[in-house]
1. Express in nm, to one decimal, how much length is gained between Ile339 and Glu14 on full extension, taking 0.36 nm for each residue of separation and deducting their alpha carbon distance.
2. I'd like the trypsin sites (Lys or Arg not before Pro) in the stretch 373-427 restricted to DSSP loop residues with at most 16 other Cβ atoms within 10 Å, sorted by number.
3. Quick one: grab the alpha carbon gyration tensor of the stretch 129-193, order the square roots of its eigenvalues as a ≥ b ≥ c, and give me rounded if a/c is under 1.5, else prolate or oblate depending on whether a/b is larger than b/c.
4. Pairs of Cα atoms under 8 Å, at least six residues apart: use those to get the relative contact order of the stretch 333-421, whole percent.
5. For the chain, find the longest principal axis of its Cα atoms and tell me its angle to the long axis of helix 273-310, 0 to 90°, nearest 10.
6. Ignoring GluC sites (Glu not before Pro) that are buried or in helix or strand per DSSP, and keeping those with at most 15 other beta carbon atoms within 10 Å, what is the longest stretch of the chain between them?
7. In nm, give the distance between the simple-model label positions of Lys194 and Phe119, each being 7 Å from the Cα along the Cα-to-Cβ direction.
8. Given Cβ point charges of +1 (Lys, Arg) and -1 (Asp, Glu) and nothing else, what value in debye, to the nearest 20, does the dipole of the chain about its Cα centre take?
Amino acid sequence: MKKTARKHNFNMTEGSVWKGLLLFSVPLVISQVLQVLFNMADLAVVGRYSGSADLGSVGSTTILVVLFTGFLIGMGSGVNVRVAVHLGEKNDRDVTEAVHTSLLLCTAAGIIILLICLFGATLLLSVLNTKEELMAGAVRYFRLYAIGMPALGIFNFGNGVLSAEGDTRRPLAYLTAAGILNIGLNLVFVLVCKMSVAGVALASVISQYLSAVLILVRLFKEKGPCGLRLKKIRLYKGKCSKILTIGVFSGLQNAIFQLANLFIQASVNSFDAVMVEGNSAAANADALVYNVMAAFYTGCSTFMGQNLGAGNRKRTLKSYYVGLTYSFGVAVLLGALLILFGDDFLYLFTKDAEVVEAGLTRLRIMAFSYAISAFMDCTIAASRGINKTAVPTVLVILGSCVFRVIWVYTVFAHFRTIFSLYLLYAFSWTITSVAEIVYFIFAFRKVKFISPEKTEPLTQTAA
């Protein structure tokens, strides 16, 4: 097989891990935030210019939107890891086959999700106990927003490929362009065309397809092994299973959190409309913080993947420690900012003081809890970086899904307070973090590191 040296934006196998992972992740941070802004801008425009009822309608779909987009982001993470490993191995043929196979798989995932959303919108929203007065608007928004799912699949595929070779700046530029368009169209459709819920959904869809087209154009122009060629787009033998194993499990890990949150949303919906609307506004902080932290998880798994391919055990493990430190620090910082400026943040989405006060209840609890999640999510990303996904997914199901459901039907059922409901996040993250770290320690010790230039395993030295 052909093996050639290539120049990356970031040399992940040499130099300072601290500096390299930070420079790699900063554009990803901004990119992740812009993805969140698609939905956040919808809520802000609807809440301020259409009223609390429309805010509640759009907010009622948030968990479902994050569930399905989270799956597609997870698929992109799987693509990122496989391509990064092959780049570390300096194997052009495997890189090319992985890239073209991934395009078809991620596009197909987006189309399947689109069909699920179109035909299952009413059922899914009913399961969430969506308020009757909010149902019509929520169904309309969710179905229209779902039209953009194939585009999200394509963009996250391209983002995974480009970031695997160290290019995090172009995806940022594409999302910036799409984000500006999204906000502009929101204002036009809502204020000028009076389209309300339908208008903000349509704006998001158009913006998502713009980002997808831009990243495809870039990949077709790419000259190296990561470039797309029409004649090479097909499912390659041996690549589908590896990409699907990591991609699907990664997607499931993201989606599982939201499946558990369906029970939480249903519990929130048992309170009055003000609490539901306040929860919808405050939940935007979750998406914002999670996605900023997720940039460092991506950096962690990408660096680990390339160094695994390069056969560098010590540097692979160090990438985990560095990614964990950065993500924990970001969580502490953002949590503190929400404590200080939480009311200002909530007024971006509503003019109603009662809704803001209801939202502050959630913000104050979550601000202290985000840092705990870094230990869980970064460790999951590290396991993904060494191609271990099945067991971490099972642990997530038990710790962050089953445990939360049990909490809802025991602790929350006993106290019936919103405070007792929100506390389950911190407790479930703590339990899952411990389990994930124990598994990672065990799994990492079993990994064999083989240099691309050698046939024998490298000596396994302590980091």
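1. Value of the extension gain: 113.1 nm.
2. Of the trypsin sites (Lys or Arg not before Pro), the ones in loops of the stretch 373-427 whose Cβ has at most 16 other Cβ atoms within 10 Å are Arg416.
3. Since a/c reaches 1.5 but b/c is at least a/b, the shape of the stretch 129-193 is classed as oblate.
4. 24 percent
5. Result, in degrees: 0.
6. That gives 15-452 as the longest site-free run.
7. Rounded to a tenth, the inter-label distance reads 3.7 nm.
8. Once rounded to the nearest 20, the dipole reads 2240 debye.
The values are calculated or read from the model by the stated rules, or taken from the named source; none is laboratory data. Owing to the predicted nature of the structure, the values given are computational and were not obtained by experimental measurement. Every residue, glycine among them, receives a Cβ derived from its backbone with ideal geometry; neighbour counts consider all protein chains shown. SASA here: full protein model, heavy atoms, side chains in, ligands and nucleic acids out. Shrake-Rupley method; radii C 1.70, N 1.55, O 1.52, S 1.80 Å.
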